[in-house]
Amino acid sequence: MISLKSKREIGIMAEASRIVAEVLQELREHCKAGVSTLELDRIAEEKTVKLGGQPAFKGYRGYPKSLCTSINQQVVHGIPGHTVLKEGDVIGLDFGVLYKGYFGDAAVTVPIGAIDPQTERLLQTAEECLYRGIEQLVPSNHLSDFSRVVQNHAESNGFSVVKEFGGHGIGRQLHEDPMVLNYVANGRGIKLREGLVLAIEPMLNVGTDRVQILSDGWTVVTLDGQPSAHFEHTVAITDNGPEILSKVA
Ligand code: MF3
Ligand code: CO
């Protein structure tokens, strides 16, 4: 079931998403060689509580931490632990907050020092997919307009799009309908309307689009071990066009 949000609700979701954006901004500054993913998780929790929010992922379907940290060939849902960042890594940081009954959700992929040129291009293309996709989030477009733009931009740059995970509606629940595919399946998808709020999250791979889940039950990795990148924003569809809620003002 799709729930449309009022202006008042979108206002609260903007506050929730703003906390997410501020946390990601601070985490970005801490992403240096020698830092452990567990330290990043702790920083995210502390900052969230300070800003009056609650980490959304901890305990969600049994997820054990507050932050998702996905390094190199890890696509999404990497669990913070004793792994230490090193020069040349890329790390996906995915974070969600619950604030006044509403969720915000966003992600970035960050390079650690100098990374190889192909991986740099992967990150850049994945972020472009996010923003090109967001441009499509206007009333009267269909969901597949978003999916097509993301898939085309990824594939025309020689990268593949992960098919087994996608974005989602968001609001009083972290994951609401509709599912937001990053590739064109069948049909045009639902018609977009004012009040729809979506967490959109393209995931791009250098090699195969195939992924698998590790034995920890969470960490999604590429089947060929090549790098992956993930960017996400919480976006409200308004009559004035898409409004990115998860950005630092
Ligand atoms: N942005 C991720 C998603 O929508 C966050 C979920 S992580 C989980 O899939 F741990 F909460 F599941
Ligand atoms: Co999400």
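The values are calculated or read from the model by the stated rules, or taken from the named source; none is laboratory data. Keep in mind that this is a model prediction, so the values were computed, not measured. Don't worry about glycine lacking a Cβ; one is built from the backbone with ideal geometry, like all the others, and counts go over all protein chains shown. With ligands, DNA and RNA removed, areas are computed over all heavy atoms of the protein, side chains included. Shrake-Rupley method; radii C 1.70, N 1.55, O 1.52, S 1.80 Å.
One residue alone among Thr69, Thr125, Thr109 is of a type in the set (Ser, Thr, Tyr) and in a helix (DSSP H, G or I), and that residue is Thr125. Need pairs with beta-carbon distance below 7 Å; first residue part of a loop (DSSP other than H, G, I, E, B) and within the stretch 172-199, second among the charged types (D, E, K, R) and open to solvent by 30 Å² or more (accessible area, probe 1.4 Å); sequence gap 6+ or separate chains. So the pair list comes out as Tyr183/Lys163; Val184/Arg148; Glu194/Asp239.
Val20: within 19 Å of Gly167 (Cα to Cα) and assigned to a helix (DSSP H, G or I), yes or no? Yes; evaluated as a whole, the condition is true for this residue.
If you go through the stretch 72-88 and keep only what is assigned to a loop (DSSP other than H, G, I, E, B), away from ligand 1 (no atom under 16 Å from the Cβ) and touching a residue at least 40 places away in the same chain (Cβ under 8 Å), you end up with Asn72, Gln73, His82, Thr83, Leu85, Lys86, Glu87. In the stretch 93-114, is there at least one residue being on the phi > 0 side of the Ramachandran plot and within 11 Å of ligand 1 (Cβ to nearest atom)? Taking every residue of the stretch 93-114 in turn, none turns out to be on the phi > 0 side of the Ramachandran plot and within 11 Å of ligand 1 (Cβ to nearest atom). Mind listing whichever residues of the stretch 150-163 are in a helix (DSSP H, G or I) and either of a type in the set (Phe, Trp, Tyr) or surrounded by fewer than 20 Cβ atoms within 10 Å (Cβ to Cβ) (or both)? Matches in the stretch 150-163: Asn152, Glu155, Ser156. Quick one: would you say Leu67 is in contact with an Asp or Glu (Cβ under 8 Å, 6 or more places away or on another chain), within 24 Å of Lys32 (Cβ to Cβ) and near ligand 1 (Cβ under 10 Å from one of its atoms)? Yes, satisfied.
Here Gly217 fulfils each of the conditions (1) at negative phi; (2) surrounded by fewer than 13 Cβ atoms within 10 Å (Cβ to Cβ) apart from (1). Pairs please, first residue from the stretch 128-156 and among the small types (Gly, Ala, Ser), second anywhere and open to solvent by 10 Å² or more (accessible area, probe 1.4 Å), Cβ atoms under 6 Å, 6+ apart in sequence or on different chains. Close Cβ pairs (under 6 Å, with a partner that is open to solvent by 10 Å² or more (accessible area, probe 1.4 Å)) amount to Gly133/Val149; Ser144/Val184; Ser144/Arg188; Ser144/Gly189; Ser147/Leu181; Ser147/Tyr183; Ser147/Val184. Scan the stretch 64-82 for residues that are surrounded by fewer than 17 Cβ atoms within 10 Å (Cβ to Cβ) and either within 16 Å of ligand 2 (Cβ to nearest atom) or β-branched (Val, Ile, Thr) (or both) and the total you get is 0.
Just so you know, in the stretch 1-29 the residues that are under 19 Å from the mean Cα position of the chain (by Cα) and open to solvent by 40 Å² or more (accessible area, probe 1.4 Å) include one that is nearest to Gly195 (Cα to Cα), and it is Glu15. It is to be established whether one or more residues within the stretch 236-245 are in contact (Cβ under 8 Å) with a residue 60 or more places away in the chain, open to solvent by 70 Å² or more (accessible area, probe 1.4 Å), in contact with a helix residue (DSSP H, G or I) (Cβ under 7 Å, 6 or more places away or on another chain) and part of a loop (DSSP other than H, G, I, E, B). The answer is no, given that none of the residues of the stretch 236-245 is in contact (Cβ under 8 Å) with a residue 60 or more places away in the chain, open to solvent by 70 Å² or more (accessible area, probe 1.4 Å), in contact with a helix residue (DSSP H, G or I) (Cβ under 7 Å, 6 or more places away or on another chain) and part of a loop (DSSP other than H, G, I, E, B).
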